[in-house]
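What follows is calculated from the coordinates using simple rules that are stated; it is not laboratory data. If you're wondering where the values come from, they're calculated on a predicted model, not measured in any experiment. Here the Cβ is made from the backbone with ideal geometry for all residues, glycine too, and neighbour counts use every protein chain on show.
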Amino acid sequence: MKFFFLIAFAMTTPLAFSQTAFDGQNAELSAIKNEHYIYLDSIYRLENPKINANIFLGNSLTEQGNWQSYFKDKNILNRGIGGDVTFGVLHRLYEIIRHQPENIFIEIGVNDIGTDTPTEVILDNYEKIIKTLQNNCPQSKIYIQSILPINNKINRLGLPNDFNSKVMLCNYKLKKLASDNNITFINLYPLFTNRKGFLKSNYTTDGLHLNKNGYQTWVSFIKRQKNL
């Protein structure tokens, strides 16, 4: 199968953000040179293609989910890599495509926001991810899952106070992007948000990552919506 990769990874036009120029090429290189990324990407590539797989693709929130135990009757591949960003996902799409999966659940973007990647760049990368998968996995059903909020009250990760407003803006645009490309948007955000707009404290370990309760809520929603 010919691989129609749509992107040149290096950004050719820097975008202004927070009074500085965003260096897309450096962001890409930083993503794929991370030791944890290199290790897991190499492990994933060694696995044989899995027929009729359901792939969960994302960052640490995906990596830390025990998806096979949540969906025992399904053929699951966990393709989460802690610390990953949209640039990193773009770089490893071939490994996803070779499985020709039945379903692809994408969860990525929180680390992009945390590293001040402009929303326009995140959306552009998402569109490239979607188009590449649609062109190379025409039978696969693609799901975009909303970016989750953080909890500033117990945030021990040094994330900025306006983080959740950026998440909300990005989710708003991701929902439209999903609609424009005829794919399903799974809006997890309201389920995880308290009345003050923070990640519910009983769902998190550190203000960002999820505990057992958080994953149970996530999985239950997917099952209720009959997405898997």
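Here K33 is the anchor, and the lysines within straight C-alpha reach of less than 22 Å, apart from those fewer than 8 places off in the same chain, are K128. Helical runs assigned H by DSSP (4 residues or longer) give the chain a calculated mean residue ellipticity at 222 nm of -12000 deg cm²/dmol, each run adding -39500 (n - 2.57) before division by the residue total. In the stretch 155-203, a dipole from Cβ-located charges (positive for Lys and Arg, negative for Asp and Glu) runs towards its positive end, and of T193, S165, I183 it is T193 whose Cα lies farthest in that direction. Taking amide H as placed 1.01 Å from N in the peptide plane, K200 has its amide H under 5 Å from the amide H of T193, N194, each at least 5 places away in sequence or on another chain.
With only Cα atoms counted, the chain has Rg and Dmax values of 16.7, 50 Å.
Taking amide H as placed 1.01 Å from N in the peptide plane, I76 has its amide H under 5 Å from the amide H of N54, each at least 5 places away in sequence or on another chain.
In the chain, Cα pairs under 8 Å separated by at least six residues give a relative contact order of 17 percent.
In terms of packing, defined here as the mean over residues of other Cβ atoms within 10 angstrom, the peptides 133-142, 103-112 line up highest first as 103-112, 133-142.
Cross-link pairs exceeding 30 Å between alpha carbons, from the set K153/K175; K141/K212; K141/K166; K50/K173; K50/K166; K50/K131: K50/K173; K50/K166.
Less than 5 angstrom separates the built amide H of T184 from those of I142, I144, all sequence-distant by 5 or more or on a different chain. Ordered by the number of other Cβ atoms lying within 10 Å of each residue's own Cβ, fewest first, T115, T184 fall into the sequence T115, T184. A protection proxy built from the mean count of other Cβ atoms within 10 Å ranks the segments 119-132, 33-46, 213-226, most packed first, as 119-132, 213-226, 33-46.
Ratio of Rg to Rh for the stretch 31-143: 0.94 [Cα atoms; Kirkwood radius as inverse mean 1/r over pairs]. Site pair K196 and T217 shows an inter-label distance of 1.5 nm when each label is modelled 7 Å from Cα along Cα→Cβ.
Protection proxy ranking of 47-59, 83-95, by the mean of other Cβ atoms within 10 Å over each peptide's residues and highest first, is 83-95, 47-59.
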